[in-house]
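**Q** Before I ask anything, let me first share the structure, which is written out below as structure tokens.
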Ligand code: SF4
């Protein structure tokens with residue numbers, strides 16, 4: 001029996017940004033040779049991997065600054081930076097961001113139980129498998145579940161951004177399939193400033209989102225990607241696949 005297709009928040013948001021980009025990234029192998037490493041993915045992955053490792057370690061009595069510096073260096077990815085100096089600057093910034101974050105979060109758990117970090121969860125949605133990696137799952141003292149996502153480049157997140165975040169709603173579906181709780185929350189931590197925004201998500205909101213998600217999945221899974229004509233949009237200017245799209249006779253980048 002054929003394996004079901006997998007959809008993740010990354011795949012879904014790539015499709016929503018540009019279906020042609022989805023084609024070159026996930027469907028047509030000709031796109032692979034053009035994909036370049038991005039410094040912001042390297043930076044984000046380095047911070048995520050470091051936090052995962054720190055959460056799994058017992059940090060009691062350990063000097064936080066040194067532990068963060070050591071763990072970040074071990075997990076540092078420099079692909080995509082324009083120069084060693086740029087990578088070094090980012091490493092120093094990452095060290096500062098994580099030291100502040102770990103000092104406030106890990107040293108003051110406030111009765112919150114960390115159930116898991118970087119948890120990979122998949123759920124059979126019928127026509128497809130929904131897959132996501134959740135940064136952190138907390139059980140709060142009142143028994144509720146809090147899904148935490150770190151944004152490494154953001155300085156602030158508004159509550160409505162959390163509520164409308166596609167990845168966070170996917171995580172709500174995934175986490176609810178594993179952990180029962182009376183209430184569920186979504187939290188986004190903007191690592192640059194340690195700013196946090198939390199909202200409670202109801203079952204009704206998840207049900208509505210699931211309907212939209214299934215409709216989007218059906219569209220993606222039935223799309224004839226080779227028939228889609230690329231159209232110029234602001235995103236194109238910095239897109240790896242511009243050389244491929246430029247070959248299309250009706251694709252017209254703005255002149256000048
Ligand atoms: S160049 Fe533009 S149309 Fe082509 S894949 Fe990239 S974003 Fe989409």
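No lab work stands behind these numbers, since they all come straight from the coordinates. Predicted model only: the values in this text are computed from it and were never measured. Note: ideal-geometry Cβ built from the backbone for every residue, glycine included; neighbour counts use all protein chains shown.
**Q** Ranked highest first by average number of other Cβ atoms within 10 Å, how do 60-73, 221-234 line up?
**A** Packing proxy ranking, top to bottom: 60-73, 221-234.
**Q** Still on this structure, please answer the following. Spin-label point model (7 Å from Cα, Cβ direction): what's the residue 65 to residue 161 distance in nm?
**A** The answer from the label model is 3.0 nm.
**Q** Take the alpha-carbon centre of the range 1-77, take the same for the range 149-217, and report the distance between them in whole Å.
**A** Centre-to-centre distance over Cα atoms comes out at 18 Å.
**Q** Still on this structure, I have one more. By average Cβ neighbour count within 10 Å, what is the ranking of 90-97, 77-84 from highest down?
**A** 90-97, 77-84
**Q** Given the options 56, 192, 163, state which has the largest fluctuation in a GNM of the chain using a 10 Å cut-off (strictly under) for Cα springs.
**A** 56
**Q** I need to check one value: relative contact order of the chain, counting alpha carbon pairs closer than 8 Å and at least 6 residues apart, in percent.
**A** Relative contact order of the chain: 19 percent.
**Q** For residue 193 and residue 154 in the same chain, what is the full-extension length gain: residue separation times 0.36 nm, less their Cα-Cα distance, in nm?
**A** So the extension gain works out to 13.2 nm.
**Q** Would you mind classifying the chain by shape? Square roots of the alpha carbon gyration tensor eigenvalues, ordered a ≥ b ≥ c; an a/c under 1.5 is rounded, otherwise it is prolate if a/b is larger than b/c and oblate if not.
**A** Here the chain falls in the oblate category.
**Q** At what distance in nm do the modelled label points of residue 226 and residue 34 sit from each other, each positioned 7 Å from its Cα along Cα→Cβ?
**A** It is 1.7 nm.
**Q** Please give, to one decimal in nm, the separation of the simple spin-label points placed at residue 129 and residue 240, each 7 Å out from Cα toward the Cβ.
**A** Taking the two extended label points, one gets 2.3 nm.
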